[in-house]
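Asks: Quick one: this structure, given as structure tokens, is what I'll be asking you about.
The values are calculated or read from the model by the stated rules, or taken from the named source; none is laboratory data. The shown structure was predicted, so the numbers you read here are calculated from the model rather than taken from an experiment. Every residue, glycine as well, gets a Cβ built from its backbone with ideal geometry; the counts of neighbours run over all protein chains shown. To get the accessible areas, we keep the full protein, side chains included, count just its heavy atoms, and leave off ligands, DNA and RNA. Shrake-Rupley method; radii C 1.70, N 1.55, O 1.52, S 1.80 Å.
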Amino acid sequence: MVQPKNLNDKQLIKLCHQGNQDCFSELYMRYHKAVFNSILRLVTDFAQAEDLLQEAFISVYQEIMKGCQIEHFGGFSKRVGVNKAIGFLRKNKHMLVFEDGYENVAEEQTEDEDFFQFRVDEVKKAIRSLPDGYRTVVNLHVMDGLSHEEIAELLGISQTTVRTQYHRAKKKIVSSITKGNCIR
């Protein structure tokens, strides 16, 4: 019998669908840290993030058992985790405030980009202190690699709002770091 560690994700999904629980355990071991980190960046409460991680993997397991075609397990499980986190924030009335704005935001390559690279800890601290809406957009775009279009669809807001939120969040981060203060 082949060991689950030696199989690729598609093989594991197929065997899991056939009832092999060891295969799902292997998928969980491969991806739980990345999914947890994505959830924690949005929720910020460690215990709640752990609960949402479990809910996410239960949902992923249910999708596998339904026969859902999952092309990229890592991306799929991360997306389920992010959806669980956003659902939690909405359900518990954590206001994800998105200001509609039509500020002309040009994506420019500036010194700010280099500045971010050298002060990672300060940037992370500044991101954690952003208002929920800004922090959500920044984390989904920068940390999870989602496009502005994907974020807009996921959050149910316009692409313009996503771009504006991202631009304003970057300004707040830079301002916070240059002043040496956390954003309030």
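Asks: Per residue of region 58-73, what does 6.51 cos²θ - 1.76 cosθ + 1.60 with θ = phi - 60° give for ³J(HN,Hα)? Whole Hz please, x for Gly and Pro, Karplus curve as stated.
Replies: Working through the residues one at a time gives 5, 5, 4, 4, 4, 5, 4, 5, 6, x, 4, 7, 10, 6, 10, 4 Hz.
Asks: On to the next question. Ranked from the most accessible area to the least, with a 1.4 Å probe and all protein chains present, what is the order of THR160, THR178?
Replies: Numbers: THR160 55, THR178 95 Å².
Ranked list, largest accessible area first: THR178, THR160.
Asks: Let me ask something else. Which ³J(HN,Hα) values, rounded to whole Hz and listed in residue order, are derived for region 129-142 from phi using the Karplus coefficients 6.51, -1.76 and 1.60 in 6.51 cos²θ - 1.76 cosθ + 1.60 with θ = phi - 60°, glycine and proline given as x?
Replies: Residue by residue, region 129-142 yields 8, 5, x, 3, x, 4, 4, 4, 5, 4, 5, 5, 7, 7 Hz.
Asks: Which length gain, in nm to one decimal place, applies between LYS91 and ASN6 when the Cα-Cα distance is subtracted from 0.36 nm times their residue separation?
Replies: Details: separation 85, 0.36 × 85 = 30.60 nm, distance 4.01 nm.
Residue separation times 0.36 nm, minus the Cα-Cα distance, leaves 26.6 nm.
Asks: Same structure again: Shape of region 1-56 from its Cα gyration tensor (a ≥ b ≥ c, root eigenvalues): rounded if a/c is under 1.5, otherwise prolate when a/b > b/c, or oblate?
Replies: prolate
Asks: What distance in nm lies between label points placed 7 Å from Cα along the C-beta direction at MET29 and ASP45?
Replies: 3.2 nm
Asks: Extending each Cα 7 Å along its Cβ direction at SER147 and LYS125, get the distance between those two points in nm, one decimal.
Replies: Taking the simple label geometry, SER147 and LYS125 are separated by 3.6 nm.
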